[in-house]
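Following: one structure in structure tokens, then a few remarks.
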Amino acid sequence: MAKALMALFVALASALAGAQTLDSLSGNSRPHQSVAFSGGALTCPQPEVLRVPQSIFRQAKLKLRLMNLLEESLLDDARGIVNIARGKEIRKLADKLKKNTD
């Protein structure tokens, strides 16, 4: 679970960093940031929206679910527990991902 959350955090951080780089390249300056550092009144900027295509979102959601199941499976294997239903779900998700990438 922690690995999946870390992967999601890294993906979001890289997406935000890329968006900031594109914003700075476009020449869009943010005057409210300079005011915040100079001790002036703080203002809340408009929230930025990051749009992800549905196909990428679905694939990321499948990968995250598969990673969680694989981690749970590894922990259960270490304890000597066998979960057949989880194994079938792992196979099903892996097949879906394989079919989507082909």
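Values in this text are rule-based calculations from the coordinates and carry no lab data. None of these values were measured; they are calculated from a predicted model. With ideal geometry, Cβ positions are generated from the backbone for all residues, glycine too; neighbour counts draw on all protein chains shown.
Scanning the stretch 48-102 for residues that are of a type in the set (S, T, N, Q) and over 22 Å from A11 (Cβ atoms) turns up S73, N83. Across the stretch 81-90, what is the total count of residues that are surrounded by 11 or more Cβ atoms within 10 Å (Cβ to Cβ) and of a type in the set (D, E, K, R)? Looking only at that region, the number is 2. Sub-9 Å Cβ pairs linking a first residue in the stretch 67-86 that is more than 16 Å from A7 (Cβ to Cβ) to a second residue that is β-branched (V, I, T) and part of a helix (DSSP H, G or I), at least 6 apart or interchain, are S73/I90, ordered by first then second residue.
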